[in-house]
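Here is the structure we will look at, set down as structure tokens.
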Amino acid sequence: MRALLRWVRADLRAHRGQAALMVLVTAVIAVSLILANALLRDAANPWQRIFLQSRGAHVWIHVRSGADTAPLTRLDGVTGVAGPYSTASADLVRGAEKVSLELRAAGPQLPSVARPLVRSGRWLDPARSDGIVLESSLARAMRADVGGTVTVRARDGATRTMRVLGVADSADQGSYPDWTPGLGWVLPTALDRVEPDPAHIQQAIGLRLRDPGSADFTAQQAVTTLGSGQVTQVTTWQQVRSAMGQDNRLLGLLLGVFGLVALVAAALATAGAAGGRVLAQVRDIAMLKTVGFTPAQVVRLFLYEHTALALAGMALGAGAASLFGPLLPGALGEAMGVWQAEPARAGALAATGAGVVLSIALATALPAWRAGRIPAAPTVRADRPASGISRLARLALLLKLPPALALGSRAAFHRPLRAGLTVARLAIPIMMITVALGSWATLDGFQDHPRQLGLAASLTARPSGIDDAAARRLLTEQPAVAAAYPGAEIPALVPGETTTITLRALGTADHPYPFALAAGHLIRDEDEAVAGQGALNLMHAKVGEWVRVTAGGTPHILHIVGRDIEPDHNGEMLSVDLGALAGPGGTPKAQYYALVLRPGANPTAVRTDLLAASHGRLDVRPVANPAAQLGLVRVVVVGLVGVLTLIGLAELVTATASGLRDHVRDLGVLRAMGLTPRQVTAIIVTSTALLTTAAVLAGTGLGVLLSNRLINMEGQASGVGAGIARMPAPETLLMAGAVAVAVAACVSVVPATRATRARITAALSANRT
Amino acid sequence: MSRSGPDTARVAATPDADHVLPPAEAMLWAQDLVKTHRGAETATHAVRHVDLRVDRGEFVAIMGPSGAGKSTLLHLLGGLDRPDSGRIWLDGQRVDGLSEARWSLLRRRTVGIVFQFFNLVTNMTAADNVELPALLAGMSPRQARARREELFAELDLEDRARSTPAALSGGEQQRVALARALVNEPGLLLADEPTGNLDSRNTRDVLRLLARYHASGQTILLVTHDARVASGADRVISLFDGEIADDTALHAPADGPTTVADVLRLKG
Amino acid sequence: MRLPLLALLAKEPAHGYELKQALEQTFGAAYPQPNIGQIYVTLGRLEKNGLIKGQDIDQSNRPNKRVYEITDAGREELAAWFAEPTEGPRVRDEFFMKLVLAPGAGGSDRLALINTQRRHYLNVMRGLSRLAAQDRDNRVAQLLIEGAMLHLQADLDWLERCQEELD
Ligand SMILES: Nc1ncnc2c1ncn2[C@@H]1O[C@H](COP(=O)(O)OP(=O)(O)OP(=O)(O)O)[C@@H](O)[C@H]1O
Ligand SMILES: [Mg+2]
């Protein structure tokens, strides 16, 4: 063991640079995996935690007043019931701002199922009939503190001031503002005061199930039991969870995927480096066996060494992530902060570490095994005739070709299998860099061409306290507004009636909204609809099919004529023309207007102008661009390109070293024949550059294909839908490729110069046995 | 010591029963060794039916033209290569059937080997190269270091301990190699042209060292082209075409020339 | 013996005993110990040939000693010696005769002849090695021994060639 350590130490000292590079690569990979882990946990965990603590309900069903919910409690697999609670919708007003609110009537006793977790303040108190408990994300968004007051405006416009008794976490719905309306609990008496009309009171009932996986099925049963006319809304826990975790989960997945691919690339790089080292050290290994190393010990030498490097990298990475992670900007830093406080952290860290170290060890196993098989007798014999190269060299000199080119290409592809492997290993990081650049370009697309990505409107305006005509006039008077499309959104039960999606009516027949279509065509008729990917997934429908949805008790039979790109609401959005919602009472009133601005207009300025012009009676909000949240992705992309570049560098060092080793003797012959050292250096550099060029071509090609696929897959998974992927610009790719080749040439110059400076005789005798 | 002459040695080494025991004084005993190197289309009969016995404390040289199979024979005896057939006893133990790993363990304590080139692990300092086998054989780092310092003092290498092999001259490298081979006080020292790469001055130095260790009881089997080197041995075996052509004990110095005049006269 | 003595005298005049000491000092054990009588005989012969000339010097309470000095004729002779190349060692023709003729004459076979010869050379070599070890400080002697060893080595190599070619 001591002897092994002694050798490992000496070997590491002899290959300091390479070892440091491997440690660095491992460290960076460890950091990205840890960050990914933290983000994924952060994304899923708060909800998970709350759900567990509150014994959350798996299915929430809103029914009309008067419906009998008792049969639901007897449904198969239901183990607990929350409610039914009477609910009423209202607005929460704060200054010019107004948010929609679901008021839920609850007793002074906390329920046992789906129990709100009071985070600050206290629960409802019969002594304070004007008390309200706000869901915590809503409270945060409204900056409402315990002890303060909020104004609730009822459906009829009457306002009422209520005192915030407490703030509570709930797993019943997603966090505000991603999930609207926000949630607040009041005493039944208070609810009656806000909504005196029983016809507008709904019942919300939560079902806790034995098997969470059967939520869809149970929801469907519930709707059948009650009759779909009675049900206004159905939500399953999966919907809530995905709404809670969306942003960070995507980012975490992205990081995780890249981290894993980087790990594979690093493992390959390790295998390559270790293999090269074994080849370079055949004699030393024979010597070790001569002095009494057993084959198993030789195998262990290499395994220990690379595992030690991986461990060092892992430790460095974990240390760096723990120390500096929380200091990172934005969600990353927050996630790391939360992660550090988590008890499960040690396990995750251990698992990540074990995974990384194991992959590296596994990658070293093959070269190590080969080292173990090297015979002890020093019988390295020159098995290749050297005449080939000298004939070629002579020919090249005769033809007055630049010898570097002729000989360099021969040197590069002299052994096709090895050259192929080198190209393949180099191509992997290049491919991943291309994918990273593709992600970057896609983000650029979101920012520069929001229209193509379903973000035609950059503002929404909601009239409050003024009538439709006045609102419309205000909007058309604003010069920066190119078009204002009236819209309304209501929840709709999907076919199968297991969940609700948002049915959005936007634009009119003679003034259709410019949906960003990925497939099909725009709405041309009142029974036509376009759907986001999320909606299609939920409805198990495809473009061209007919679907039946139930909105506000009214069934609508719609022909899905297109799929639009929906960056919002997980893409669970079915869009129709405003006329499609027309009932006996004519077209419904516009709830809001989607404002498309003239090119170059500044949304913030327009918003200010509109707010001023309407004296606060238009609630104008910017449409959230996911690119703004995904800005973090850019940081990640830059980091990843860094890691991949490091890995690529490690591969290059290996490739140059093994190329040199193959050709030391040839180079001696060349120099003996009269090539200048500079020409010989040029040959080596050319050979590396050619290999890199091949790798760049292969890597970029594959990368572009993969990038489109990956991003679209991600889009599909997130409900946004395929069709958002953008290719990196050709000139970007060209630049990246050129830089890669240039770097490769530079990296190979140093060892090449060193090799050519070696004495000719030394080079010639290097292959003697 | 009543060392058996060449002829008796051969007679003693020919029994073909498998259960014979080696004579107690034999450090190394090989019977009917055969090794054929098989190439793609050629087969080289490098060692053919060689019987060989080296007694404890003996210094035996193997001579022969290039390609005679000297190195191959040495590799077989050191377990670096396996014979196609034949039996080998080392220090009383039958070793020809040992696995590679067992051979490695055996080499740590029983066999020291020196080659012509590439005797040292390139990445390690001279000191580490010598201490490595000592550590491998189970010495504590301190013991290994003490033993190494002792050897380096004997071999006049004290100020070279921190150098890497590349920074050493050929003669110094061979002396370090000798130290490496002797650090565990092996029963048998195998040397394959240890001076083949050296000029005459360094050759003389290495020979003197070998003679010194031999005088203190070290058993040595040495392969060489160089008659000067071979003349330091007690016995010279001539290998020709993979077979032993001659096996002769060298006489006591009284029988040889005592002055250069004798030499000149001999050369007539 | 003639020319080496002449060479010593060319350096400086000396008498017989001084010459013997000079010879011993220069060549050491590597060279046969010169006999003083032999030196005097040689000096006499040289003087007769006019290559050196002697002069008696009186010594109190001792016999006179004769100091010799080189003459011009002597210097010419010496110059001619230095100028002419020295004949190299001859091939071992006697052994070669044996080797070629033995098989036909029903004597021992070639391998036995070669082995016998090799043993002999090796023993000689061993003797030389001992000699070299004894007289380690005399560089002239070491060079001489090394020369002899190299000759022997060549002879051994040649034996190997014989074995390869005549087998
Ligand atoms: N690994 C091998 N593969 C094929 N042939 C081999 C191998 N090793 C040795 N040989 C052949 O076996 C014969 C004996 O080789 P060996 O190296 O033992 O000779 P040697 O006596 O040591 O020669 P030298 O004095 O040149 O070192 C030679 O013809 C050689 O070419
Ligand atoms: Mg050899």
Taking the convex hull of the alpha-carbon atoms of chain B and averaging its shadow over every direction gives an area in square nanometres of 16.5
Which distance in Å, rounded to a whole number, links the C-alpha centroids of the stretch B:157-181 and the stretch B:60-98? 27
Rounded FRET efficiency, nearest 0.05, which uses the C-beta distance separating A:A320 from A:T161 and R0 of 45 Å: 0.30
Amide H of A:D619: which non-local residues (sequence gap of 5 or more, or other chain) have their own amide H closer than 5 Å, using H built in the peptide plane? A:R462, A:S464
Note: A:R709 to A:L117 extended length (0.36 nm per residue) minus current alpha-carbon separation gives 208.9 nm
Between A:A70 and A:A199, what's the calculated FRET efficiency when r is the beta-carbon distance and R0 is 25 Å? Round to 0.05. 0.75
Relative contact order as a percentage, the stretch A:78-209, C-alpha pairs under 8 Å and 6+ apart, gives 39
Where Lys and Arg each count +1 and Asp and Glu each count -1, what net charge lies around A:A105 among other residues with Cβ under 12 Å from its Cβ? -1
How much net charge surrounds C:M149 when only the other residues with a Cβ under 11 Å from the Cβ of C:M149 are counted, with Lys and Arg +1 and Asp and Glu -1? 0
Whole-Hz couplings from phi, Karplus 6.51/-1.76/1.60, listed for the stretch B:47-62; x for Gly and Pro: 10, 10, 6, 9, 10, 7, 9, 10, 7, 4, x, 7, 10, 10, 10, 10
Counting only residues 5 or more places away or on other chains, whose amide H sits under 5 Å from the amide H of B:E243 once H atoms are built in the peptide plane? B:R48
Amide H contacts under 5 Å for A:G520, placed H, 5+ residues apart: A:R563
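Compute the FRET efficiency between A:Q679 and A:D467 as 1/(1 + (r/R0)^6), taking r as their Cβ-Cβ distance and R0 = 51 Å, and round to the nearest 0.05.
Efficiency computed from Cβ-Cβ geometry: 0.05.
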Apply the Karplus curve 6.51 cos²θ - 1.76 cosθ + 1.60, θ = phi - 60°, to the phi angles in the stretch A:160-171 and return the couplings in whole Hz, x for Gly and Pro. 9, 8, 10, 9, 7, 7, x, 10, 10, 8, 9, 9
Calculate the mean, over all residues of peptide A:279-285, of how many other protein chain Cβ atoms lie within 10 angstrom of the residue's Cβ. 3
Separation in nanometres of the label points that stand 7 Å from Cα toward Cβ, at C:L3 and A:Q591: 12.7
Taking every pair of alpha-carbon atoms in chain C, give the share separated by more than 27 Å as a whole percent. 49
Provide a whole-number value for the mean count of partner chain Cβ atoms within 10 Å of the Cβ atoms in peptide C:111-124. 5
Using only DSSP helix segments of four residues or longer, with each worth -39500 (n - 2.57), what per-residue ellipticity at 222 nm results for chain B after dividing by its residue count and rounding to 500? -10000 deg cm²/dmol
Radius ratio Rg over Rh of the stretch C:2-83, counting only Cα atoms, Kirkwood formula for Rh: 0.98
Other chains near B:120-130: what is the mean number of their Cβ atoms within 10 Å of each residue's Cβ? 5
So what J values fall out for the stretch B:233-247 if you push phi through Karplus, 6.51 cos²θ - 1.76 cosθ + 1.60 with θ = phi - 60°, rounded to Hz, Gly and Pro as x? 7, 7, 8, 10, 10, 9, 9, 9, 6, x, 10, 7, 8, 7, 9
If the label point sits 7 Å along Cα→Cβ of B:H49, residues of the stretch B:233-250 with amide N under 18 Å come out as B:238-247
7 Å from Cα along Cα→Cβ at both A:A480 and C:A73: what's the point-to-point distance in nm? 13.2
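Only the coordinates and a few stated rules stand behind these numbers; no lab work does. Model, not experiment: these values are computed from the prediction. Ideal geometry is used to build each Cβ from the backbone, glycine not excepted, and the neighbour counts take in all protein chains shown.
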